[in-house]
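Taking it in order: structure first as C-alpha cells, then the write-up.
The values are calculated or read from the model by the stated rules, or taken from the named source; none is laboratory data. All values reported here derive from a predicted model rather than from experimental measurement. FYI the Cβ positions are ideal-geometry reconstructions off the backbone, even for glycines, and counts take in every protein chain you see.
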Amino acid sequence: MISFDEPVMTDTSLGKQMHSLATMMFPICRSITGNGVRQTLNILKEEIPLVIYEVPSGTKVFDWEVPKEWNIREAYIKNSTGEKIVDFKNCNLHVLNYSTPINKKISLEELKKHLSSLPDHPDWIPYRTSYYKENWGFCLTHRQFQNLEDGEYEVEIDSTLEEGSLTYGECLVPGRRDEQVLISCHACHPSLCNDNLSGVVLALKLAQTLRTHTLEYSYRFLFIPGAIGSITWLNRNQDQAKKIVNGLVLACLGDSGKSTYKKSRRGNAEIDRAAEHVLKHSKSEYDILEFSPYGYDERQFCSPGFNLPVGCFMRTPFAKFPEYHTDADNLNFVRPEFLADSFDKCIEIVNILENNKTYINLNPMCEPQLGKRGLYRNIGGDSAENVSELGLLWVLNQSDGSHSLLDIAEKSGIVFQVLSKAAGSLVEHGLLKEVEYGQ
Amino acid sequence: MISFDEPVMTDTSLGKQMHSLATMMFPICRSITGNGVRQTLNILKEEIPLVIYEVPSGTKVFDWEVPKEWNIREAYIKNSTGEKIVDFKNCNLHVLNYSTPINKKISLEELKKHLSSLPDHPDWIPYRTSYYKENWGFCLTHRQFQNLEDGEYEVEIDSTLEEGSLTYGECLVPGRRDEQVLISCHACHPSLCNDNLSGVVLALKLAQTLRTHTLEYSYRFLFIPGAIGSITWLNRNQDQAKKIVNGLVLACLGDSGKSTYKKSRRGNAEIDRAAEHVLKHSKSEYDILEFSPYGYDERQFCSPGFNLPVGCFMRTPFAKFPEYHTDADNLNFVRPEFLADSFDKCIEIVNILENNKTYINLNPMCEPQLGKRGLYRNIGGDSAENVSELGLLWVLNQSDGSHSLLDIAEKSGIVFQVLSKAAGSLVEHGLLKEVEYGQ
Amino acid sequence: MISFDEPVMTDTSLGKQMHSLATMMFPICRSITGNGVRQTLNILKEEIPLVIYEVPSGTKVFDWEVPKEWNIREAYIKNSTGEKIVDFKNCNLHVLNYSTPINKKISLEELKKHLSSLPDHPDWIPYRTSYYKENWGFCLTHRQFQNLEDGEYEVEIDSTLEEGSLTYGECLVPGRRDEQVLISCHACHPSLCNDNLSGVVLALKLAQTLRTHTLEYSYRFLFIPGAIGSITWLNRNQDQAKKIVNGLVLACLGDSGKSTYKKSRRGNAEIDRAAEHVLKHSKSEYDILEFSPYGYDERQFCSPGFNLPVGCFMRTPFAKFPEYHTDADNLNFVRPEFLADSFDKCIEIVNILENNKTYINLNPMCEPQLGKRGLYRNIGGDSAENVSELGLLWVLNQSDGSHSLLDIAEKSGIVFQVLSKAAGSLVEHGLLKEVEYGQ
C-alpha cells in the first residue's frame, strides 16, 4: 500500500528525469502507425516491462479499420533555384502527417493548396494530419509562406502508406485485486512536447513508482495512438475493460498552467471525486471540467457502450494554449517542475484510490473514551481545536458502514490523508474495523 | 412535424396581424359571461374552427356554480346639472364589471361608496369586478373623483344579471398522438389589451399555424373566462384532462418587458424545461418563476386533484406593470413586435415538445467513424471546435435510451435545434434509432 | 397546543427572571460530579418537578466509567511570606477542576508546571479541567503569573476524589404523544455564565412554560454534566432514546452574538428545518452550521449508534468568543435581553414542532370558492396581494397528503404561523382534513 508518510518521488530530480526522457523522444517523427511509435515504445520498454502489440492494417475495430502503416524518410520543397526552402529534416511538423508520397514540379498556385500556416503566429509551424483521407501537404511558418515567390516548385515526400500494422504498448502493474485502474496516454504525436510526451513520461514514471509498492488495485498502463489506438484496444480487450473501476487519460501535463481535471461521463465516479479532492486541497489554482464527448481518449472509454469511469488529467486543456499543435509546443514549453507537480498530484489521486476504505465503528453508542487510549489531549477546557482529534471524531462519527473515507473527507472538509491516518490509528486501538472488500 | 429550418411565421407582418385582431376586439365589453364573450369568440371563429359551448347558469362545477349571465347596454353618472360626467360609452371600464342594474338619485356621500379611482395614477381608470357578490359601482380617474362637487347625482346602470349561460370556445388541432398539449387563455376582460387580448390573439395565431403542420401531439386551445371558465372546462372534461401532457396558459404577452415563464406545480415537467431552454437560448433577458398558486388559470390546472403539467407564459407578470387593470393597458401599451417575439418563443417551445425524442446509439462501442460518412472535417489537428460536430458527438455519447434531446441540450449547453439536426443526420446515416413512443 | 396568537413569555421580565436565576447559581463550584451539581439541581427543583438521579462511581456506561466524585472546600497558593496570592474563595476557576488534594511547599519552578494563564488576555483567569487524568493545578491571570517571584510556595487544595456518584436531573413534560422532544443542557461548569448557566435557565423556563400548555409531543428536559452525563443518560435510557423524534442541546444562549443553529447529524431532520425556518424569518442575522462531531452533547446523541435528530442551539458558538472558558464569561457578559431573545426563538421552534401537521385538501379538483365562505376579498381586480389569501391558496394547493406545513412554508417562503392559521381556518370551513398521526 502506498504510504502517505514517505512521499517517494517528490525530489526535484524526478521532474528532470521526466524532462530528459521527453528530450530523448522528442525528435522522433511519430504518427498513429509506423516506426516512430515503435522506436518510442522501445525506449519506454527499457524502463518498464512493456508488452508491445502489432495489429495488422485492415483489422476491423468496431466501426473503424486499422489504417495502412505510414512511414517517412524525407520531405522538402525546393524553389526554382533548387534551394530547399522547407525541409522535414529541420522539423518533422513540416509534413502533413500521413502525407502520401509525391515528387512533382508544380506552380506556386498549385502548391498553395497543400500548405498550412498560422497568420496569427507567423513564426510557428502548425501541426496537421490527414489520417483517414489520402492527401499530401506541408506546414510552414507564415513568414515562409509570405515569402514564396511565383515560379515552379519541386515537392518531394518520400513516404510510404502500405499494409503494415498499428503498434501500441501495455504494462500491467498487478495489485491485490483483479479490478484495474487504467492509465492511458496517446503516444502518436511527432515533435510536440506537452501534447503528449508530457503524458507519456508521466505515465512511465507512475508505472515505475507503482511497481515498487504493494498495491490494492492492478494498474494498466496504455501507450497508444490517439482515437484509433483506444478503439483498437477496447475492441481487443472487451473483457479487460469490464475490470476497469477507475481511470485517467494523461495529456498536456508539463506546461505552466493550472491543473485541470475533466470528469468522466459518470460525473461522480470515485476517480472524479478523488481528483477533485486532490486539486481542492492542493495549494494552487485548478479547474474541474464537466464531461464532454470531445477531447482525448476518454471519448472512447466513455462512449455509451463502455461508459468507463475514466477522466482526463491535464494542465492547460488542449486547444486552450496558443502553442497547441505548433512547433512552439517544445522542450522549453514543458518544464520539469510542472511535470513533477503533475506527477505528485497523480500519486495523491492514486493514494486516495488505494486507501479509500469504508469502516465500521465498533463502539457506535456514544464516543469511545479516546483519552484513556492516549488519543486525546488530557487537559480539558482548552479552546484550540486539534485537527487530528477532529479527524478521529469524524471517522468515528461517520463510520456506520455507509461512508467511505472519501465521503468523510468531502463532508468534513478535512484532507483525506488526515482521515486515513486517523482511521489507521482507530483500527490499531480496536475501535474501527474495515468493511472488507466484496462484503 | 415542425421544421426548424423554415421559421414559418417570423415575418414582421405577423405582429401586425395580431395587433389588428386585438384592435378589432378591443372595444367589446367582455365579462365572464354575456354577449361580449360571444362576440369575441365569433370573431375568432372566422379564423379557426372554434367550437363554442354554452353552460347554463346554476350548473354545479366542483365547488362553484356557473353564475348568472351579465349584460350591459348603458351606464353613466349625471351631476345635478344633468351633465354626464362618467359614461360607459367612453370607456367600458367605467362600470364595475358585473354591476347590478340601478337608476337612482343619490348624494355625493352615498355615491362615493360606489366609486373606485387610483390616487397614484390620477389620469387612469381602474378596472374592478364583483362577480360573486351582487353590487354596483363606477370606476373613474382620480382627477374626476376629486372634481366631484357636493350635490345630487343620478346613477344609471342599464344592465341585466339573469339566468343565462357561460360561454367558452375550444379548438382541437389533431396530431399523431392522442396526448394533448393545452394552450389556454382568458378572454373575459373588457377593454384591456395586454391582459388579455395579447394572449387571445397569440393563441389564435398559434392554432392557425399548427393547423398547417403535421404534428406529433394534439393541441387543445381554450378561450375561456378566467377562473370559472377553467373550472367549468375541467369539470366537464375530466377524461380529456388526463390526456394533457404539457400545457401553457398565455397571458400578458404584448408589453415591452422581458419574457417570463412560471413553472407548473410539478416544477420539472417537460414544458417547464422546454420553456426554460428557449428563454435561456434567446438573445434577450428573461425570468423563470417557480410555481405559486396565485396567478391565472394554471391555479386550476395545477390544483392538487389535477396537477397538470401546465405553466404560464407571459412577458411582465400581472400586477407587476403599473398599467395592469387600468385603461392604460391599451392598444398602445401592446406592440406588434413584442407580440411577434412572444409568438416566436411559443413556436420554439412547441418545436421542442414536438421533437424531444429519445434515441439509441446503434454503434455505442467507441465513436463511429464520422469522417468516412462525410460528417467530420478531414484535416485533423486544427484547434477550432466545430459546433455541429460537437452536436453529433453529444447526441452519440448520450443516446443510451435514457436521455432525451432536451436532456442532452441541458447537459451540453447546446441549443436544442442543433442537437435535433444532428440527431436527424445520424438517423439518416444509420447510426441512431429513435426509441419509439410507448416503448 | 401552543397558540401563536398569545406569545406567553415574551415580556421583558422573562429575561430578567432568567438572569436572576443565573445570578443565584453563578457562585456555586460545579463539576461533572459532586455537591455543586446537587446544589444547582436543588435550586431548579424548586421551579420544576425535577427527578434527580445518582449513578455510582465505577458504573460502566458504554466505553466509559462514571468517575469518582469530586468535592472541594478550599484551595490557595501562599507565597514565601505566607500571603494567599491565589485563592479559590475569590474565584472557583482558580483551581484546575477535578484537582486531587495536595498540601506541599514547592519551588516556583515546580509550581509553574501546575499553573495555567492566558498571555493574550492577561487579566482573565482561564478555566481548565482534568477529569480523567489525576492531576492538580491552579489557574490565574497572566499578570499574577508574571509577578511570581522566586522562592518557596505553599499549595493547598482541600478536595476529595472518592467513590460517590454522578448526579443529573430530568423532567418530563407529558404531551398527547409518547414521542419525545429532548431538551438537554450541561450543568457542570463552575462560575461560567454563558457556558452554560444560560442554557440551564433557558431550559428551566422552557419546561415551566410548556407545563402550562396542552402539548402534542412529550418533552424531556435533561440537566446533566457534559459528555459523561449524556453518555450515562443514553446508557441507562436506551429505550427512551428511541422515542426521541426531535431534540435541542442548549448552550451559550445569553451573549450578544447572533443566533446559531448547528444541525443534527441527519442534516435534514424536522428540528433542523424548524430551527432554520425560525432563524430565517427572525428579523436578525443568524448562522446555520452543518453538523460536525465536535461541540456539546449532540456529539453523543448523534453518535452513529444513536443518530438522534438532535441539533444544538446557541448564540456565539463555543470557542468563538474570547471570553469562552475564562472568568470574563460572567454575569455581565450574559444579558437578559439576549436570554429572552433566545427563549423566544426556542418557543417558536417548539411551536413549529407542535403544529407541523400534514393535511388533505377535501376539495382538490380546482380551487374551492373561498369568497362564498368569507375567506376572500370581494372586489376583484385589485392588484395588491393579500398574504393570508396566499397562505390559504398555498395550503390548499400543496395539501395532497405529502406536504407538511413546514414543507409548504419552505416552498412558499411564507412564515409558518401564517400557514398554520390558514390551515386552521380551512379545517373550520371543512375544506381541509388533518392526516392523522400514525396514518
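The number of residues in segment B:14-29 that are among the aliphatic types (A, V, I, L, M) and part of a loop (DSSP other than H, G, I, E, B) comes to 1. Applying the condition of being part of a strand (DSSP E or B) and in contact with a Ser or Thr (Cβ under 8 Å, 6 or more places away or on another chain) to segment A:35-60 and asking which residue is nearest to residue A:201 (Cα to Cα) yields A:52.
Looking at segment C:294-327 only, could you name the residues that are in contact with a His (Cβ under 7 Å, 6 or more places away or on another chain) and away from every other protein chain (no Cβ under 12 Å)?
C:296
Being modelled with pLDDT of 95 or more, farther than 19 Å from residue C:257 by Cα, surrounded by fewer than 21 Cβ atoms within 10 Å (Cβ to Cβ) and away from chain A (no Cβ under 14 Å) holds for only one residue in C:362, C:331, C:375, and it is C:362. What do you reckon, is residue A:218 surrounded by fewer than 22 Cβ atoms within 10 Å (Cβ to Cβ), within 27 Å of residue A:328 (Cα to Cα) and not charged (D, E, K, R)? For residue A:218, the condition - surrounded by fewer than 22 Cβ atoms within 10 Å (Cβ to Cβ), within 27 Å of residue A:328 (Cα to Cα) and not charged (D, E, K, R) - is not met.
Checked against the criterion of being in contact with a strand residue (DSSP E or B) (Cβ under 7 Å, 6 or more places away or on another chain) and either closer than 18 Å to residue B:365 by Cβ or among the aromatic types (Phe, Trp, Tyr) (or both), segment A:280-294 contains one or more residues that satisfy it.
Within segment A:417-430, residues that are in a helix (DSSP H, G or I) reach no partner that is surrounded by 21 or more Cβ atoms within 10 Å (Cβ to Cβ) and of a type in the set (Lys, Arg) with beta carbons closer than 7 Å at six or more positions or on different chains. Of the helices (runs of 4 or more DSSP H) lying entirely inside segment A:197-273, the ones with 2 or more residues being under 28 Å from residue A:323 (Cβ atoms), of a type outside the set (A, V, I, L, M, F, W, C) and within 14 Å of another protein chain (Cβ to nearest Cβ) are found at A:228-236. Taken together, the residues in segment B:61-115 that are in a helix (DSSP H, G or I) and within 14 Å of another protein chain (Cβ to nearest Cβ) amount to 3.
Pairs are defined by a Cβ separation below 6 Å, a sequence spacing of at least 6 or placement on different chains, a first member in segment C:87-105 that is β-branched (Val, Ile, Thr), and a second member that is buried (at least 16 other Cβ atoms within 10 Å of the Cβ); the pairs so defined are C:95/C:75; C:95/C:88; C:100/C:136; C:100/C:161; C:102/C:136; C:102/C:155; C:102/C:157. If you check C:295, C:257, C:247, C:267 for being crowded, with 16+ Cβ neighbours inside 10 Å and out of contact with any Pro (no Cβ under 8 Å at 6 or more places or on another chain), only one passes: C:257. For segment B:298-327, a tally of residues being surrounded by 18 or more Cβ atoms within 10 Å (Cβ to Cβ) and in a loop (DSSP other than H, G, I, E, B) returns 15.
Across segment B:41-77, the number of residues qualifying as among the aliphatic types (A, V, I, L, M) and surrounded by fewer than 15 Cβ atoms within 10 Å (Cβ to Cβ) comes to 1.
Please go through segment C:291-346 and give me each residue that is over 17 Å from the mean Cα position of the chain (by Cα), free of Cβ contacts under 8 Å to residues at least 12 places away in the same chain and within 30 Å of residue C:142 (Cα to Cα), ordered by number. Across segment C:291-346, the qualifying residue is only C:332. Report whether or not residue A:337 is at pLDDT 95 or above, over 30 Å from residue B:359 (Cβ atoms) and either more than 9 Å from chain C (Cβ to nearest Cβ) or in a strand (DSSP E or B) (or both). The answer is yes for residue A:337. Can you find, within segment B:385-412, the residue that is nearest to the chain's Cα centre (by Cα) among those that are more than 20 Å from residue A:305 (Cα to Cα) and more than 9 Å from chain A (Cβ to nearest Cβ)? Result: B:406. When segment B:116-150 is filtered for residues that are part of a strand (DSSP E or B) and either in contact with a Leu (Cβ under 6 Å, 6 or more places away or on another chain) or away from chain C (no Cβ under 12 Å) (or both), the ones remaining, listed by number, are B:126, B:138, B:139. Scanning segment C:60-118 for residues being over 30 Å from residue A:362 (Cβ atoms) and among the aromatic types (Phe, Trp, Tyr) gives a total of 3.
Please go through segment A:277-292 and give me each residue that is buried (at least 19 other Cβ atoms within 10 Å of the Cβ) and farther than 28 Å from residue A:129 by Cβ, ordered by number.
Correct list: A:277, A:278, A:279.
Residue count for segment C:162-189 under the criterion of being among the β-branched types (Val, Ile, Thr) and closer than 23 Å to residue C:39 by Cβ: the result is 2. Looking at residue B:202, is it buried (at least 21 other Cβ atoms within 10 Å of the Cβ), over 15 Å from the mean Cα position of the chain (by Cα) and not hydroxyl-bearing (Ser, Thr, Tyr)? Taking the combined requirement at face value, the residue does not satisfy it.
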